[in-house]
Amino acid sequence: MTSEASSSDKTPSFEMTWGSSTSSGYCSEEDSDTEFEQYFTARTSFFPKTRKPNVTDNVKKDEQIESGKQELTTAEILQKVKEYNSKINSNLFMNMNKDGSYTGFVKVQFKLARPVSVPAPKKGGPDAGGRRASGVKRRTSFYLPKDASKHLHISSRTSAREVIEALLKKFTVVDNPGKFALFERSERHDQVYLRKLSDDERPLRLRLNAGPNEKVLSFVLKENETGEVNWHAFSMPELKNFLLILQREEEEHVKQIVQRYTLARTRMLEALSGSTPG
């Protein structure tokens, strides 16, 4: 756990700590001469499972949490910080700065359906295999563990966009931050609501106003879905590897279907051989 920042610098600082056992394991066929990105597929399918319609897709604007947008006086902020710190059962406290800003922790849960790209592990010197000399930047892509999460130590001035960039930097993800979006998640009246944060919203302000209860407010990192997948946003190696993954899944599905019908045929033949005429 990192120590709490007390700097009054206006530039938001990102002091990050691990929030869960997020595996960083991945494999890379660095010895291969192909420039394809190597994928470690920790999921059973390239496509996310079809989900049932959720009330989060129809959340109304008037039900969104607006408290984080309220401008508070320094005295009001100080009072809220004291109330917040009195409710938590850990040392993830919020702290006031002399300039009226405050710092604290936000927990972000990862809900990514697609793999993320990181720099490939370095092997050998700068001229190993002549790859670096050729100007080809190799990357390794893998799926983050399901329900992984991370705590970030941020400022009240830190924007949602900066939170995304800090998360990607912590995991050394080289994908465009524009591919991701930060959502606030809340549970009300036995229903779950999701709202996409704009780039300039301040997550720590939302956290302070909502309090430490994760059911009232939590943060989720997801793909920045705008409808259909924008395949043009992916690099050529990424697209080629997606095709390879699809081919492997297709072959696996075909294998399962053949096995199923083979088993059914075998059982039918056994039933026929054991039956008596008439």
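The values are calculated or read from the model by the stated rules, or taken from the named source; none is laboratory data. Only a predicted model underlies this, so the values are computations on that prediction, with no experimental measurement involved. Glycine also receives a Cβ, built like all others from the backbone with ideal geometry; neighbour counts cover every protein chain displayed. Just the protein is used for accessible areas: all its heavy atoms, side chains included, with ligands, DNA and RNA removed. Shrake-Rupley method; radii C 1.70, N 1.55, O 1.52, S 1.80 Å.
Exactly one of (1) within 30 Å of residue 97 (Cβ to Cβ); (2) open to solvent by less than 70 Å² (accessible area, probe 1.4 Å); (3) touching a residue at least 40 places away in the same chain (Cβ under 8 Å); (4) not in a strand (DSSP E or B) is unmet by residue 178. Its number?
That leaves (1) as the condition not met.
With the checklist (1) under 17 Å from the mean Cα position of the chain (by Cα); (2) open to solvent by less than 40 Å² (accessible area, probe 1.4 Å); (3) within 19 Å of residue 149 (Cβ to Cβ) in hand, flag the one item residue 186 doesn't pass.
Among (1) under 17 Å from the mean Cα position of the chain (by Cα); (2) open to solvent by less than 40 Å² (accessible area, probe 1.4 Å); (3) within 19 Å of residue 149 (Cβ to Cβ), residue 186 violates only (1).
Return the residue satisfying two criteria in turn: it lies in region 84-104 and is without any contact (Cβ under 8 Å) to a residue 12 or more places away in the chain and outside any loop (DSSP other than H, G, I, E, B), and of such residues it is most open to solvent (accessible area, probe 1.4 Å).
86
Search region 108-120 for residues that are farther than 19 Å from residue 217 by Cα and open to solvent by 10 Å² or more (accessible area, probe 1.4 Å) and pair each with any residue that is among the β-branched types (Val, Ile, Thr) and in a strand (DSSP E or B) when their beta-carbon atoms are under 9 Å apart and the residues are at least 6 apart or on different chains.
119/140; 120/140
To keep it simple, each residue is scored yes or no on (1) free of Cβ contacts under 8 Å to residues at least 24 places away in the same chain; (2) surrounded by 12 or more Cβ atoms within 10 Å (Cβ to Cβ); (3) of a type in the set (D, E, K, R).
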| position | (1), (2), (3) |
| --- | --- |
| 165 | yes, yes, yes |
| 191 | no, yes, no |
| 195 | no, yes, yes |
| 204 | no, yes, no |
| 208 | no, yes, no |
| 223 | no, yes, yes |
| 254 | yes, no, no |
| 263 | yes, no, no |
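Only residues that are assigned to a loop (DSSP other than H, G, I, E, B) and either within 21 Å of residue 206 (Cα to Cα) or out of contact with any helix residue (DSSP H, G or I) (no Cβ under 9 Å at 6 or more places or on another chain) (or both): list them for region 105-122, please.
111, 112, 113, 120, 121
Here is a list of conditions, (1) more than 20 Å from residue 110 (Cα to Cα); (2) assigned to a strand (DSSP E or B); (3) among the aliphatic types (A, V, I, L, M), and residue 239 meets all of them except one; can you say which number that is?
Status for residue 239: all satisfied but (2).
State which residue is modelled with the highest pLDDT when the search covers only region 210-221 and only residues that are open to solvent by 60 Å² or more (accessible area, probe 1.4 Å) and touching an Asp or Glu at 6+ places or on another chain (Cβ under 8 Å).
216
Does residue 270 satisfy being part of a helix (DSSP H, G or I) and open to solvent by less than 30 Å² (accessible area, probe 1.4 Å)?
In short, no.
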